[in-house]
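Shown next, in structure tokens, is the structure this report addresses.
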Amino acid sequence: MTNKNWGSTAAHACMALLLLSAARARATPQFNAETNVSISSALPLCVAPVSPPTPYPIRLYYLYSSSAAYAVRSAQSPDGAAWTAEATGGDVSTTTLPSVSAAFITGASVVALSSGFRMEYSIQTSSASYQIVSAKSTDGLSWINDSGVRLQASGGAAYVGSPSVVQLQGGAGWRMYYVQNVDGLTDPANRLIYTTVSTDQGLTWTPPVIAVATVAYQVGASELTDGRVRLFFTEPAVGQSTATSILSALSADNSGTGFTLETGVRVSTFSTSALFGAAPTRSTDTFRWRLYYGEYNPVIAAYDADSSLTGEPAPVSMAPTAMDNTVAAAAVTISGEIFSPGASFVLTGAGAANITPTSVLTVNDETLTGTINTVGASPGPRDLTVTNADGASTTLLSAFQITFQPGTVTVLDNLISPRTATTSTKIAITVYNPGQTTARIFTIDGRRVITLYDGPQGPGTLNLTWNGAFASGAPAPSGVYVLHVTGQKIDAKQKIVVIR
């Protein structure tokens, strides 16, 4: 099966899927291929719940073609793994009424309304122009086209396709992502990811802007727990025209903008095969993600709908990032993704005893909180390992630092006066972290009086005295003076009073 709008060819072999993993610790979710073909002869477009807001069962909408009659069909699943094709007859097709003169359907996204569903879908018209149109359904199965065109570029001359819609948090409307030719033409090599917003449930859209300036053939959007949006998109290898990888980008916040490309590849196939589409959804356990995509099957000379599932947790950061070794009950927060209920964590370091939390709570799939005891822990970096309830784990290198406890400064007899027979003040500087240490006396307006010590100091206590005199030996006049001690984890000031 071939289609010039998809940017792929049918001359492929080897269906084996490669899931790329990094040798180092990683924070981006990794997908593991599932062994069973989800649906044969299907190109996945999007996933939607059958009875929203209940997440399962779900419905997978996919592109079906036979004798050049393109249609969006559906299958239903109670768990996202086993699928049953649903009866045809109400599909969105090139003949759905009222007619939109569709010759080909190239993509679709389904979003729940307060009652029913709306599908935004991309077409090539019978006059070879490219548009995104929409249809409405009360049950997600039988569809009626909305009137008018939702979106087109360059009067329809530029390719637009693969719409994917998310509902922004806080009632901010719908945001649609889609691919469009930046040059106003149709060459797949010039397609980028665009975005636009609707506040009337997908009937009118704001002027689009580029969301991710990278080549993409199809795009699928998912919304994380905190409202950020992750885009999955198919992309060809350098110098090729066939999409063989699915990559991802993550938005800066819950507005669904400000994307950063994530490192690595989510899914990849051999250069002799091809991928189509990226339809993400939550798994039934709610903390993992499943990604559906089409992969070319040379046995049947068509695409099968396959899937991959995230496995290991993906810790990103720990807060605070450092703590000294005197805290008996320190609260910490771990941020990331794919944290299961009952997840745990441990801090490890070379030659150091493990730091195991005294309590752990999975706040949601993106946040763990816990309490740790650092008393007596040897200073140095610690790796963070998060382990889900099923035993899957990931290590984030050097996520935390145990530091020396702060040094202390004690001043005895901070009043120097012949009237009290106190001719000097005693200063005790306790250092835990070895390094350069200085102790100076200043006037209240910042002029240096004397340097009592300036040199290296190992762990222990440095005892000093000041007799109330300048460095020249002349007595300092009556007034308030400031002792300023600096060093490794020391920056202390204390007042000393001189009365003549």
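The values are calculated or read from the model by the stated rules, or taken from the named source; none is laboratory data. Because the structure is predicted, anything quoted here is derived from the model rather than measured. Glycine also receives a Cβ, built like all others from the backbone with ideal geometry; neighbour counts cover every protein chain displayed.
From the list PHE400, PHE339, the one residue that fits, being touching a Leu at 6+ places or on another chain (Cβ under 6 Å), assigned to a loop (DSSP other than H, G, I, E, B), surrounded by 14 or more Cβ atoms within 10 Å (Cβ to Cβ) and at pLDDT 95 or above, is PHE339.
The residue that is modelled with the highest pLDDT, among those in the stretch 458-484 that are touching a Phe, Trp or Tyr at 6+ places or on another chain (Cβ under 7 Å) and over 15 Å from ASN414 (Cα atoms), is LEU462. Checked against (1) of a type in the set (Phe, Trp, Tyr); (2) over 26 Å from ILE39 (Cα atoms); (3) assigned by TED's automatic domain parsing to the domain that holds SER222, TYR303 passes all but a single condition, namely (2). State whether the residues of the stretch 403-424 include one that is under 28 Å from the mean Cα position of the chain (by Cα), in contact (Cβ under 8 Å) with a residue 40 or more places away in the chain and crowded, with 17+ Cβ neighbours inside 10 Å. Among the residues of the stretch 403-424, not one is under 28 Å from the mean Cα position of the chain (by Cα), in contact (Cβ under 8 Å) with a residue 40 or more places away in the chain and crowded, with 17+ Cβ neighbours inside 10 Å, which makes the answer no. Could you give me the residue pairs with C-beta distances under 9 Å whose first residue belongs to the stretch 343-363 and is touching a residue at least 12 places away in the same chain (Cβ under 8 Å), whose second residue is buried (at least 16 other Cβ atoms within 10 Å of the Cβ) and of a type in the set (Lys, Arg) wherever it lies, and which are 6+ apart or on separate chains? Here the result reads LEU347/ARG382; THR348/ARG382; GLY349/ARG382; ALA352/ARG382; ILE355/ARG382, each pair linking the stretch 343-363 to a residue that is buried (at least 16 other Cβ atoms within 10 Å of the Cβ) and of a type in the set (Lys, Arg).
Please go through the stretch 210-224 and give me each residue that is within 11 Å of PHE259 (Cα to Cα) and buried (at least 24 other Cβ atoms within 10 Å of the Cβ), ordered by number. Listed by number, the list holds a single entry, ALA211. Consider the stretch 165-190 and keep the residues that are more than 19 Å from the chain's Cα centre (by Cα) and assigned to a helix (DSSP H, G or I). The one that is surrounded by the most Cβ atoms within 10 Å (Cβ to Cβ) is PRO188.
Yes/no matrix, rows are residues, columns are (1) in contact with a Cys (Cβ under 8 Å, 6 or more places away or on another chain); (2) at pLDDT below 95:
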site: SER251; (1), (2): no, no
site: PHE259; (1), (2): no, no
site: GLY264; (1), (2): no, yes
site: VAL267; (1), (2): no, yes
site: ALA278; (1), (2): no, no
site: GLU295; (1), (2): no, yes
site: PRO298; (1), (2): yes, yes
site: ALA302; (1), (2): no, yes
site: ASP306; (1), (2): no, yes
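For the condition in contact with a Phe, Trp or Tyr (Cβ under 7 Å, 6 or more places away or on another chain) and at pLDDT 95 or above, what is the one hit in THR356, THR321? Full working, then the answer.
Working: THR356 fails: in contact with a Phe, Trp or Tyr (Cβ under 7 Å, 6 or more places away or on another chain).
Exactly one of THR356, THR321 is in contact with a Phe, Trp or Tyr (Cβ under 7 Å, 6 or more places away or on another chain) and at pLDDT 95 or above, namely THR321.
Scan the strands (runs of 3 or more DSSP E) fully inside the stretch 41-155 and keep the ones with 1 or more residues being free of Cβ contacts under 8 Å to residues at least 40 places away in the same chain and either touching a strand residue (DSSP E or B) at 6+ places or on another chain (Cβ under 9 Å) or crowded, with 18+ Cβ neighbours inside 10 Å (or both). Full working, then the answer.
Values: elements: 43-49, 58-66, 69-77, 102-112, 117-125, 130-137.
Result: 58-66, 69-77, 102-112, 117-125, 130-137.
Remark: pairs (first residue in the stretch 305-319, within 14 Å of VAL267 (Cα to Cα); second residue part of a strand (DSSP E or B) and of a type in the set (Lys, Arg); Cβ separation under 7 Å; 6+ apart in sequence or on different chains) = SER307/ARG290; LEU309/ARG290. Inspection of the stretch 388-398 finds a residue satisfying the criterion of being in the same structural domain as VAL360 (by TED's automatic domain parsing), touching a residue at least 12 places away in the same chain (Cβ under 8 Å) and under 23 Å from LYS489 (Cα atoms). Within the set SER241, SER198, SER268, SER248, the sole residue that is hydroxyl-bearing (Ser, Thr, Tyr) and under 16 Å from the mean Cα position of the chain (by Cα) turns out to be SER248.
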